[in-house]
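K.L.:
Once you've had a glance at the structure underneath, I'll fire off some questions.
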Amino acid sequence: MQITKVTKIVAIVIISIVLIIVLHYTGVLRPVENVLSAVLRPIQNKVFNLSGRINDFYYNQKSQKELAYENHKLKEELAAMQYTESRLKELEQQNEFLREQVSFFSERNINGIVANVIGRSQDSFQNFIILDKGEKQGIKEGYAVTIQDVVIGKIYDVSKYTSRVLLINDTFSKLAVSVQNKDYSIGILTGEYGLGLRIDLIPQNEKISEGDYVITSGLEENVPRGLYIGQIDNVIYTEGELFQTAFVKSPIDFNKINLVSILQVSYDSQNN
Amino acid sequence: MIAKIIKVAVFLFIVFIMQVSFLPGLFYPLNKLNIFIPLLIFFLVLYKENVTMIYAVVFSVFLAISSSVPLVLSILVLPLAISVLIKIYNRFFTNKSIYSLLFLNLLLLLFYQIINTIFFLIYYFYTYKTFTAAVNFSSIFNSFIWQAVLSSIFVFIAFFFVNYLSNRLKTVFIDAT
């Protein structure tokens with residue numbers, strides 16, 4: 001009797017799982033998934049914003065406690081800032097770079113679609129976010145996603161009303177990049193378990209320095225050249241090795257993403 | 001019957017929104033809480049195994065929505081973990097005390113984490129043909145510890161809440177007849 005009951009449960013569960021998998025991959029479930037995502041999307045948006053506000057409240061409270069310490073630290077930093085005056089030339093270069101970034105979209109006629117974050121991955125392996133824009137708004141796989149013109153990831157899965165973005169700090173993320181150094185080194189940017197960003201396979205003879213800018217190289221179909229990613233934070237150079245590795249610091253806090261732009265790129269704009 | 005279906009649908013809707021949209025937006029470590037695991041423990045203790053298994057499948061579908069691992073793998077993690085736990089529960093557990101619930105919760109979390117890690121490694125190997133740099137074990141360990149702490153607190157609070165509302169957990173020993 002006991003065996004029959006257990007067998008029945010196992011059979012029901014296996015059949016349910018197989019059915020879900022088959023119906024999902026054959027697309028039979030697609031209309032149901034689309035209706036569900038259309039209904040749930042506005043609620044998810046509101047709830048995600050609510051948790052974001054709780055998050056902000058927590059960080060505000062935390063930051064008040066740290067204000068005294070930060071004040072002291074800032075005074076020290078202010079003194080250090082005077083030193084940076086002597087680096088006027090470098091600042092001029094930075095200024096020029098930022099100007100290029102500002103005029104980037106208007107010059108290349110790239111269409112940015114603003115999207116709200118309505119969900120996020122939770123386990124320690126994955127780093128992605130769910131957006132409230134999908135096929136219906138013209139979103140396609142491979143489109144770059146930015147915040148204030150800084151690349152944070154690429155679209156990797158699109159449904160009718162929502163899409164998922166694999167963040168550039170995810171282990172599975174691969175992005176063709178270029179370093180703004182003398183050699184214009186190119187490489188592949190990968191994530192470091194959600195903790196950081198790394199560029200591998202840069203030839204040892206190419207000189208990369210801390211502070212060099214990292215941009216997209218334009219070698220990918222839907223990602224235009226010149227999108228800002230971050231600055232080189234650290235370079236690992238081992239004597240006798242063929243390649244060196246560089247670590248990149250992004251100006252974006254990947255844990256506090258609420259609003260993003262999805263870049264709709266036409267082939268013409270990519271070649272500009 | 002209709003009232004029951006509506007009740008279950010509302011419950012699933014709230015749980016889904018909580019897990020996919022509310023909790024992930026909170027600050028660390030609260031964003032690591034997986035409420036499906038303690039909920040399944042309560043289903044296991046309060047209802048029959050088949051109810052628990054069906055909820056495990058439904059929760060797996062929810063988790064698959066917020067997973068970058070293919071559906072074919074992510075949908076199996078929770079049902080597999082809960083099946084192992086049901087075996088252990090039927091064989092070794094004789095009461096529904098708070099200690100039992102906490103221990104079951106930790107066991108399920110552990111099985112879930114192990115199976116999830118194995119499946120992730122399979123997917124990683126399938127994609128990159130190597131295991132190099134696949135996972136950061138210290139990050140997984142930190143995440144596991146926080147999940148254990150938070151879900152234990154959840155079980156602790158929920159235990160007294162359920163006890164207050166019903167007497168289903170007041171039976172000290174499970175009726176073995």
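The values are calculated or read from the model by the stated rules, or taken from the named source; none is laboratory data. Worth saying up front: this structure is predicted, and the values here are computed from it rather than measured. Quick reminder, even Gly has a Cβ in these numbers, built from the backbone with ideal geometry, and neighbours come from all protein chains shown.
K.L.:
If you check A:152, A:252, which single one turns out to be more than 14 Å from chain B (Cβ to nearest Cβ), within 23 Å of residue A:126 (Cα to Cα) and at pLDDT 90 or above? Give the steps one after another, and end with the answer.
P.N.:
Numbers: A:252 fails: at pLDDT 90 or above.
Only one candidate qualifies: A:152.
K.L.:
Scan the stretch A:158-166 and give yes if some residue there is in contact with a Leu (Cβ under 6 Å, 6 or more places away or on another chain) and more than 13 Å from every other protein chain (Cβ to nearest Cβ), otherwise no.
P.N.:
The answer is no, given that none of the residues of the stretch A:158-166 is in contact with a Leu (Cβ under 6 Å, 6 or more places away or on another chain) and more than 13 Å from every other protein chain (Cβ to nearest Cβ).
Okay, residues lined up against (1) outside any helix (DSSP H, G or I); (2) modelled with pLDDT of 80 or more; (3) more than 14 Å from every other protein chain (Cβ to nearest Cβ):
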{"residue": "A:4", "(1), (2), (3)": "no, no, no"}
{"residue": "A:7", "(1), (2), (3)": "no, no, no"}
{"residue": "A:28", "(1), (2), (3)": "yes, yes, no"}
{"residue": "A:39", "(1), (2), (3)": "no, yes, no"}
{"residue": "A:54", "(1), (2), (3)": "no, yes, no"}
{"residue": "A:67", "(1), (2), (3)": "no, yes, yes"}
{"residue": "A:75", "(1), (2), (3)": "no, no, yes"}
{"residue": "A:96", "(1), (2), (3)": "no, no, yes"}
{"residue": "A:114", "(1), (2), (3)": "yes, yes, yes"}
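K.L.:
Still on this structure: Scan the stretch A:9-26 for residues that are surrounded by 14 or more Cβ atoms within 10 Å (Cβ to Cβ) and either over 34 Å from the mean Cα position of the chain (by Cα) or more than 10 Å from every other protein chain (Cβ to nearest Cβ) (or both) and jot them down. It would help to see each step written out before you state the result.
P.N.:
Step one: filter the stretch A:9-26 for residues surrounded by 14 or more Cβ atoms within 10 Å (Cβ to Cβ), giving A:9-10, A:12-13, A:16-17, A:20-21, A:23-24.
Of everything in the stretch A:9-26, those that are surrounded by 14 or more Cβ atoms within 10 Å (Cβ to Cβ) and either over 34 Å from the mean Cα position of the chain (by Cα) or more than 10 Å from every other protein chain (Cβ to nearest Cβ) (or both) turn out to be A:9, A:10, A:12, A:13, A:16, A:23.
K.L.:
Let me ask you something else. If I ask for residues that are among the acidic types (Asp, Glu) and within 14 Å of chain B (Cβ to nearest Cβ), which ones from the stretch A:178-199 would you list? If you could, list the steps in order and put the result at the bottom.
P.N.:
In the first step, residues of the stretch A:178-199 are kept if they are among the acidic types (Asp, Glu); the result is A:183, A:192.
Hit for the stretch A:178-199 is A:192, nothing else.
Condition check ((1) of a type in the set (Asp, Glu); (2) under 11 Å from the mean Cα position of the chain (by Cα); (3) at pLDDT below 90; (4) assigned to a loop (DSSP other than H, G, I, E, B)) across all residues:
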position: A:156; (1), (2), (3), (4): no, no, yes, no
position: A:172; (1), (2), (3), (4): no, no, yes, yes
position: A:175; (1), (2), (3), (4): no, yes, no, no
position: A:184; (1), (2), (3), (4): no, no, yes, yes
position: A:193; (1), (2), (3), (4): no, no, yes, yes
position: A:201; (1), (2), (3), (4): no, no, yes, no
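K.L.:
Is the stretch A:200-214 home to any residue that is within 14 Å of another protein chain (Cβ to nearest Cβ) and either buried (at least 22 other Cβ atoms within 10 Å of the Cβ) or β-branched (Val, Ile, Thr) (or both)? Talk me through it step by step, then tell me what you get.
P.N.:
In the first step, residues of the stretch A:200-214 are kept if they are within 14 Å of another protein chain (Cβ to nearest Cβ); the result is A:200-201.
Subsequent filtering for residues that are either buried (at least 22 other Cβ atoms within 10 Å of the Cβ) or β-branched (Val, Ile, Thr) (or both) retains none.
Within the stretch A:200-214 (the criterion being within 14 Å of another protein chain (Cβ to nearest Cβ) and either buried (at least 22 other Cβ atoms within 10 Å of the Cβ) or β-branched (Val, Ile, Thr) (or both)), the answer is no, since none of the residues qualifies.
K.L.:
Can you name the residue in the stretch A:165-179 that is farther than 21 Å from residue B:139 by Cβ and in contact with a Phe, Trp or Tyr (Cβ under 8 Å, 6 or more places away or on another chain) and, of all such residues, is surrounded by the fewest Cβ atoms within 10 Å (Cβ to Cβ)? Break it down into steps so the answer makes sense when it comes.
P.N.:
First, pick out the residues of the stretch A:165-179 that are farther than 21 Å from residue B:139 by Cβ: A:175-179.
Then drop every residue that is not in contact with a Phe, Trp or Tyr (Cβ under 8 Å, 6 or more places away or on another chain), which leaves A:178-179.
Working: A:178: 22, A:179: 27.
Looking at residues that are farther than 21 Å from residue B:139 by Cβ and in contact with a Phe, Trp or Tyr (Cβ under 8 Å, 6 or more places away or on another chain), I get A:178.
K.L.:
Scanning the stretch A:108-141 for residues that are out of contact with any Phe, Trp or Tyr (no Cβ under 8 Å at 6 or more places or on another chain) and among the small types (Gly, Ala, Ser), which turns out farthest from residue B:22 (Cα to Cα)?
P.N.:
A:138
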